[in-house]
1. Heavy atoms only, probe 1.4 Å: what % of the accessible area of the chain goes to carbon and sulfur, would you let me know?
2. For the pair Ala304/Glu143, report the inter-label distance in nm, with labels modelled 7 Å from Cα in the Cβ direction.
3. List nothing, just return the count: lysine pairs in the stretch 157-289, 8 or more apart or interchain, with Cα separation under 20 Å.
4. What is the calculated FRET efficiency for Glu174 to Ile115, with r their C-beta to C-beta distance and R₀ = 51 Å, to the nearest 0.05?
5. How many nm separate the modelled label positions at His102 and Ser200, each set 7 Å beyond the Cα in the direction of the Cβ?
6. For the chain, state what percent of all Cα-Cα pairs lands in each successive 20 Å bin, counting from 0 Å until the bin that includes the largest distance.
7. Which order do Phe56, Phe71 take when ranked by solvent-accessible area (1.4 Å probe, heavy atoms of all protein chains), largest first?
8. At 1.4 Å probe radius, can you tell me the per residue accessible area of the chain in Å²?
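The values are calculated or read from the model by the stated rules, or taken from the named source; none is laboratory data. Just so it is clear, the model here is predicted, and its values are computed rather than measured. Neighbour counts are summed over all protein chains in view; Cβ atoms, including those assigned to glycine, are modelled from backbone coordinates with ideal geometry. For the accessible areas, the whole protein counts, side chains as well, though only heavy atoms, and no ligand, DNA or RNA atoms are used. Shrake-Rupley method; radii C 1.70, N 1.55, O 1.52, S 1.80 Å.
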Amino acid sequence: MENVSKAPNAKKAKLVIIVVVIAILAIVAYNLPYFKEGRAYDKVCEENTVSACSDFLNEYPDGRHADDVMFLKIGLQEETKYKLKDIIEYFGKFPDGKHIHHVEALYDNIWDAEIARYDKRDKANESSEAVRFMEEMLRYMREKRLNSVLVNVNSDTRLKDYEEYDADVREVLELFADGNLSIAQNMVSLKKNFTSSDVSALSDILVEGAEKAFDKMFTPGFIDVVNGETFHLFNDESNEEAMPKLTFDYVISSQEDKIGDATVPHIWSYTDGSGNVLNYLVGITVDFAAHFSIPSSNVTYDYAGKGEPEKNLSDVEDIKDGYRKMTATCFVQFSNQMSQNMGLAEAYTAGEAEEE
């Protein structure tokens, strides 16, 4: 009787197939999102750094470990402004998260410290309206879990060229010309040489000035000052509605005085390195109005002022650069005026002002 049995090679082939299948399944399982996230989380715990947490949250923003990683990141942040930013983000993403009570306690501790710091300030030189507004704003921001103030800037330009002034005024001004250099014949056009292309840079002076003022009042970065021009590009408009707002309105006009019934322009000289007058130009002045407001509150703070250059400007490359520096000086002046009205040191130091 004959027997039939499987060949040894067939058994080996079957074993190889099983091994290959297992290997493939292992590779597939290894690369499944569930297991990849688990390994990423283990790496975060091992490295224990802010950057590792950020990398994980960028890769797995809705992962099963996102709550834990965000909480870990909050604990690792050393600067108040970043810690507070992450806490507010946690509130928005995990309102019922497993660490919510700990995060709320951290939030309260930060605010208690900052409010205590504000309460201890010597407010003798502060505007009472500014103090009242600041107290209301802090209460509102704490309750709404916000740390950002939105700054909007609105501009207008009302310029007059030299020939637009009364002929009698111009005739008198000629008496003050430098030697034989006629003012009328050597006057550059204000309208042609002043450019509004630097408006965004001017707005930045106001935004940064407000930020500097808050940084002197609180821990730097505790109040985040946001430029409304860029905020709209990257953020949800619903957030905008809830934020306290600071609105600057400014008007750039020709620098002039009212003498009786006559309007007299301020005449500046454009000189070379040796002090020789090359041209004349009409000066620039800027009128400002600042308005602080809080959503659903009638508590506001308003401050109006004027920026007007009072001294010569140095290192001017050309007429356009002269007007740019003249205007920037006006913005720095106003930022300092408003800062002082709030009982703070000047927002910009002399060195910083010259760089603007």
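1. Details: 10200 of 20230 Å².
With neighbouring chains kept in place, the figure for the chain is 50 percent.
2. Each label point is offset 7 Å from its Cα along the Cβ direction, giving 3.1 nm.
3. 5
4. E between Glu174 and Ile115, to the nearest 0.05, is 0.25.
5. Result for the modelled spin labels: 4.2 nm.
6. The calculated distribution, bin by bin, is 22, 37, 23, 11, 5, 2, 0.
7. Phe71, Phe56
8. That works out to 57 Å² per residue.
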